[in-house]
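Here is the structure we will look at, set down as structure tokens.
The values are calculated or read from the model by the stated rules, or taken from the named source; none is laboratory data. Just so it is clear, the structure is predicted and the values come from calculations on it, not from any experiment. Glycine gets a Cβ as well: all are built from the backbone with ideal geometry, and neighbour counts include every protein chain shown. Remember, those area values only see protein heavy atoms, side chains included, never the ligands or the DNA or RNA. Shrake-Rupley method; radii C 1.70, N 1.55, O 1.52, S 1.80 Å.
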Amino acid sequence: MSARATEPPRFDDWRTRMAVRGGPVTHAVARAGWAAFGIVGALLMVGVAVLWTLNPTAEGSDNAPAANFVGGLVVFVPIGALVAGAIGLGAQFLARAWLRTPTDAERTAAREAATPAPHAGRLRSSGRWARSFDRCARSVTSFHAIVAALPAGPGRDWLTGIGTSLDEELREALRLAELGESLAPDGGYLTGTALRIADLLDKAEQAFRDTTDRAGAIALDLRQESDFERVRAQLDMLAAQTPHLRTHGL
């Protein structure tokens, strides 16, 4: 079976949180606030240069309008870009700090994801079956963390319904892991039903991971798209790729 474990949700990196928090303006400031503010400041100073050309001071009254305009650009634009860029750098720092700060629900989800899933005392914590179930459980916890960070709306409601289905599949994964534990406690060489259970759990691990990864991508689209029907096609695909352990017949 795969040895790759699903990482618990990380909230220390502003980039990992942009898919589920903040709007386009906040995202743009977090990426390059200094540049955005600097450009705006430079453009504003172009307007100041035009006004100064139309109404020059005594020092520029004897110059041609074109000379005054060029001089205004040379003097005002760099000043505006530097001052506004410095302000933008501060705004960029604040935006990233805000994106790094998890909500109470996100903190709870992160703690739960970092904690081994309960096995009701029937799975050995160091055994093959427990490790397989833990990987499934961490993916599901990460999925719920993504949903918890979304604003209220039809997209979140849809993902919440998928999360309920994942919870049911996770309970089935635990039942299968317990069955595998009873058939092959040492988790060594597997045959028959134990081997079939191991294959099912291996596929379930991948399905849970893929579902959580796609949910993160959809969360970003839900932030950027106002047309829910366009995102709904992706949600339909997400529902179709979730694990289907309850139909295996064991």
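Quick notes on this structure:
- Single unsatisfied condition, Ala64 versus (1) at pLDDT 75 or above; (2) of a type outside the set (Asp, Glu); (3) surrounded by 14 or more Cβ atoms within 10 Å (Cβ to Cβ): (3)
- Restricting Leu123, Leu150 to those that are at pLDDT 80 or above and either in contact with a strand residue (DSSP E or B) (Cβ under 7 Å, 6 or more places away or on another chain) or in a loop (DSSP other than H, G, I, E, B) (or both) reduces the list to Leu150.
- Cβ-Cβ contacts under 6 Å between residues 6 or more apart (or on different chains), taken from a first residue in segment 124-145 that is over 22 Å from Arg156 (Cα atoms) to a second residue that is at pLDDT 90 or above and of a type outside the set (Gly, Ala, Ser), are listed as Ser132/Leu201; Phe133/Leu174; Arg135/Glu205.
- Residues of segment 188-197 classified as surrounded by fewer than 20 Cβ atoms within 10 Å (Cβ to Cβ) and touching a residue at least 24 places away in the same chain (Cβ under 8 Å), total: 2
- Unique residue being in contact with a Phe, Trp or Tyr (Cβ under 7 Å, 6 or more places away or on another chain), on the phi < 0 side of the Ramachandran plot, in a helix (DSSP H, G or I) and hydroxyl-bearing (Ser, Thr, Tyr) when the list is Thr160, Thr211: Thr211
- Restricting segment 140-168 to residues that are among the hydrophobic types (A, V, I, L, M, F, W, C) and in contact with a Ser or Thr (Cβ under 8 Å, 6 or more places away or on another chain), the residue that is surrounded by the fewest Cβ atoms within 10 Å (Cβ to Cβ): Ile162
- Single condition Glu181 does not satisfy, out of (1) open to solvent by less than 70 Å² (accessible area, probe 1.4 Å); (2) modelled with pLDDT under 90; (3) under 21 Å from Ala239 (Cβ atoms): (3)
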